[in-house]
Amino acid sequence: MSSPMNIKRLLMKGWDGWNEIQTADLGTDFLVMVGVVMAAAASFITCLGLNLQKMSLCAPENVSKKPFAQPKWVAGLTCVVVGSIIDFLSFGLAPQSLLAPLAALSLVWNLVMASYFHGEDYTRADVYATFLIFIGTGVTVSYASHVEKEYDLGELLELWNQPRMVIYGFLVPMVLLLHWGFVKAVEKGHVTGRTGSIMQMIGYSGFAGTIGGQSLLFAKSAVELLKDAFHGSDAFWHVQTYAIIGMMTVCLLLQITYLNDGLKNFDSLFVIPVYESYWIIAGVIGGLVYFGEMEEFDSYQKHMFVLGTVITGSGLYVLTQKDSSLNSNDKTQYVEVSKFDTDLEEFDEGLESDRENSRKLRGNSSTPSLELPEFEGALGLDDVELPSVYGSNEESGKASSRRQRRSPFDKSI
């Protein structure tokens, strides 16, 4: 699948009988370049879809709407699906070792899109973290095994029954349960403040990325069965085939649900890098364990694989420490204020109404006018500049167009 397609020998009947014409490979370098461009485009389209989903989910008018009732969210989901299909097709044109690291390009796209769509200003720490995660995931994937084999249903089921898959099948649910516990612990108020915010963000993103790695594993199995069916097998006459497809569907739905929850509550600059790191690492490890590729590693490959994982982890650490130099005036400090915005608007409307009534009372009264202080003066707020929850007066107008973003590292939460 990873090798370029060849044009087979053609036999043509000429004037002198059968002439065998041997053709050369069809532009190997050209096909590889097409595969690279497709993979880069896929990462861009997928990242665009995720940011469209976040924009829709955070819009105040969509708070009470289901995601599928939001046109912009549906458009984002369509982008994610199209990006996944293009990414899959690209692996038929170029080696996996060349294409897989390009998935980390979505981190670069996200720096630009988060700023453009959501007004999230990235910092130097964001750039450092993105660079480390990009390099780490690239090293991890590049030094993994890239041998392509074809499997039928019987061989796939035999792989599932290997002892290593029993251990893997125990550890993955434990990882998912841990991240689910992070989210629930914060929701129930057991962990609060900055620590709670970090736990919740990692809970959403880590769960989505880990389950996404499993959906990739089931998708690979489903593709193998589809290829086997094209060769004339009866793979789709067995219930196990539909069980694999069903598990892939469940994993995809959970992945979308938890990723959307993370995007709805936290900045894209935090959620997507963590999600992509988990997704790439989980997908690579799942493939290594399932297909037994780790057993074929030499010493150098093992060391480089571990090094790549450590570099990725260091990028995540930089991301979680980025607030150490931030202050309350930094635009990356946010809190959820959708209800607070509504309360402020109602207060302003009431204040304006009281002012108008006061003016009418002074204008219609026949008695000497009694100077009634306006509310700001009575409250001593004439010279006090009320802080904007959006970091600046220019940005405060954004409250009417979308829900406020939240950083998991705001110490005031």
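The values are calculated or read from the model by the stated rules, or taken from the named source; none is laboratory data. Here the structure is a predicted model, which means the values were calculated and not measured. Reconstructed Cβ throughout: ideal geometry from the backbone, glycine too, with neighbour counts over all protein chains shown.
Would you call Val306 in contact (Cβ under 8 Å) with a residue 24 or more places away in the chain and either in a helix (DSSP H, G or I) or within 21 Å of Gly213 (Cβ to Cβ) (or both)? Criteria not met by Val306.
Looking across region 264-303 at every residue that is charged (D, E, K, R) and in a loop (DSSP other than H, G, I, E, B), the one that is farthest from His118 (Cα to Cα) is identified as Asp298. Of the residues in region 124-132, at least one is basic (Lys, Arg), assigned to a helix (DSSP H, G or I) and loosely packed, with under 14 Cβ neighbours inside 10 Å.
Summed over region 225-247, residues that are under 26 Å from the mean Cα position of the chain (by Cα) and surrounded by 19 or more Cβ atoms within 10 Å (Cβ to Cβ) total 1. Of all the numbered requirements in (1) in contact with a Leu (Cβ under 7 Å, 6 or more places away or on another chain); (2) at pLDDT below 80, Thr130 misses one, and that requirement is (2). Evaluation of Gly232 against the conditions (1) farther than 24 Å from Gly119 by Cα; (2) outside any loop (DSSP other than H, G, I, E, B) shows that the sole unmet condition is (2).
The lone criterion from (1) out of contact with any helix residue (DSSP H, G or I) (no Cβ under 7 Å at 6 or more places or on another chain); (2) crowded, with 21+ Cβ neighbours inside 10 Å left unmet by Lys188 is number (2).
All told, Phe182 falls short of being over 20 Å from Leu263 (Cα atoms), of a type in the set (A, V, I, L, M, F, W, C) and without any contact (Cβ under 8 Å) to a residue 60 or more places away in the chain.
Would you check which residues across region 245-264 are touching a Phe, Trp or Tyr at 6+ places or on another chain (Cβ under 7 Å) and modelled with pLDDT of 90 or more and list them?
Residues of region 245-264 that are touching a Phe, Trp or Tyr at 6+ places or on another chain (Cβ under 7 Å), as a first pass: 247-248, 251, 258-259, 261-262.
Met247, Cys251, Tyr258, Leu259, Asp261, Gly262 - these are the residues of region 245-264 that are touching a Phe, Trp or Tyr at 6+ places or on another chain (Cβ under 7 Å) and modelled with pLDDT of 90 or more.
Residues in region 62-98 that are over 23 Å from Glu276 (Cβ atoms), modelled with pLDDT under 90 and in a helix (DSSP H, G or I): Asn62, Phe68, Ala69.
Here is a check on your reading of the model: is Ser324 at pLDDT 50 or above and more than 30 Å from Leu156 (Cα to Cα)? In short, no. Looking only at residues of region 171-195 that are among the basic types (Lys, Arg) and in a helix (DSSP H, G or I), we find that the one that is farthest from Val289 (Cα to Cα) is Arg194.
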